[in-house]
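I have placed the structure first, in the form of structure tokens, so that the comments after it can refer back to it.
The values are calculated or read from the model by the stated rules, or taken from the named source; none is laboratory data. Not measured: the values here are computed from a predicted model. For neighbour counting, all protein chains shown are included, and Cβ atoms are generated from backbone atoms with ideal geometry for every residue, glycine included. Side chains included, ligands, DNA and RNA excluded: accessible areas come from the protein's heavy atoms. Shrake-Rupley method; radii C 1.70, N 1.55, O 1.52, S 1.80 Å.
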Amino acid sequence: LHVSTDGGVTWTPRGPTADWLRVVSSADGDVLAALENQGRIHFSFDSGETWQPRSETLPWHGLAMSADGTRLVATTSFQEPVRVSSDAGLTWTLRGPHLFWKSALAGSADGRLLVASAPISLVHSDDFGETWTERTGLPFETTVSLASSADGSVLAAGAVGGLFTSYDGGATWAR
């Protein structure tokens, strides 16, 4: 893992050496979480100075974090519900349908609104991951990447076939 404190001009190696898949950050950069390939989710609460594992060993696939770093949603490559944490990864709860989730995840700043990629659709939650609704009829099938505005109303999806945007929380999409 490498961390920059000057807007990406310079990078400093920090933390354990591993095969990292994803890194997410709180809005202020104090809380970081990194997915280790076929391993654990590691957390830093001091902008990457020190790291500690806070999950079981699983084939982690995707990860999203709220702006304050307390709420997270994570997927594995298993056919199972997503894993949701409301205490910065200290405990995890399985929520939602049993799907082969993809790695693309995004959420609003408070973590209440979440969107995740499933095999041929997007799945949406507006209650911190308690319940999930599949969004069908999208103009794309394979989502590679997702991004959300702070309030969750504007979404972007990088997909096979182009870049798509939604200005209504994912109800409709346009290229």
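How much of the pair distance distribution for the chain lies past 24 Å, counting alpha-carbon pairs only, in percent?
On the way: 5149 of 15225 pairs.
Tail of the P(r) past 24 Å holds 34 percent of the pairs.
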field: Label-to-label distance, nm, for residues given as ASP68 and PHE100 (7 Å Cα→Cβ offset)
entry: 3.8 nm
field: Cα centroid separation, the stretch 89-154 to the stretch 12-80 (Å)
entry: 17 Å
statement: Spelling it out for GLU80: with amide H atoms placed in the peptide plane at 1.01 Å from N, the residues 5 or more places away or on another chain with amide H under 5 Å from its amide H are LEU99, TRP101
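Only loop residues by DSSP count here, and only those with at most 14 other Cβ atoms within 10 Å; note down the chymotrypsin sites (Phe, Trp or Tyr not before Pro) in the stretch 1-52 that meet that. Please list the in-between numbers first.
Numbers: sites: TRP11, TRP20, PHE43, PHE45, TRP51; in loops: TRP11, PHE45, TRP51.
Counting only loop positions with at most 14 other Cβ atoms within 10 Å, the chymotrypsin sites (Phe, Trp or Tyr not before Pro) in the stretch 1-52 are TRP11.
Where only protein heavy atoms count, and the probe is 1.4 Å, what is the accessible area per residue for the stretch 47-175 in Å²?
On a per-residue basis, the stretch 47-175 sits at 45 Å².
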query: Could you give the length gained on full extension between GLN52 and THR133, defined as 0.36 nm per residue of separation minus the Cα-Cα distance, in nm?
result: 25.8 nm
task: Evaluate the distance, in nm, between pseudo-label points positioned 7 Å from the Cα of SER4 and of ALA27 along their respective Cα→Cβ axes.
output: 2.2 nm
query: P(r) of the stretch 48-134 in 5 Å steps, Cα pairs, percent per bin?
result: 3, 16, 28, 28, 16, 7, 2, 1
- prompt: Near the amide H of GLY39, under 5 Å away, which other amide H atoms are found, from residues 5 or more places off or on another chain, if H is placed in the peptide plane?
  reply: LEU58, TRP60
query: So what's the net charge close to SER145: Lys and Arg +1, Asp and Glu -1, counting the other residues with Cβ under 12 Å from its Cβ?
result: +2
field: Full-extension gain in nm, THR165 to SER77, via 0.36 nm per residue minus C-alpha separation
entry: 29.1 nm
query: Protein chains only, probe 1.4 Å: how do LEU58, LEU163 rank by accessible area, largest first?
result: LEU163, LEU58
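Taking N as the number of residues in the stretch 1-55, what value does Rg over Cα atoms divided by 2.2 N^0.38 Å take? Mind showing how you got there, number by number?
On the way: Rg = 10.6 Å, N = 55, 2.2 N^0.38 = 10.1 Å.
Cα Rg divided by the expected 2.2 N^0.38 Å: 1.05.
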- line: Long-range amide H partners of ALA104, meaning residues 5 or more apart or on another chain whose placed amide H is closer than 5 Å, are SER117
- prompt: Across the stretch 79-87, in residue order, what do the Karplus-derived ³J(HN,Hα) couplings come to in whole Hz, using 6.51 cos²θ - 1.76 cosθ + 1.60 with θ = phi - 60° and x for Gly and Pro?
  reply: 7, 7, x, 6, 10, 10, 10, 10, 10
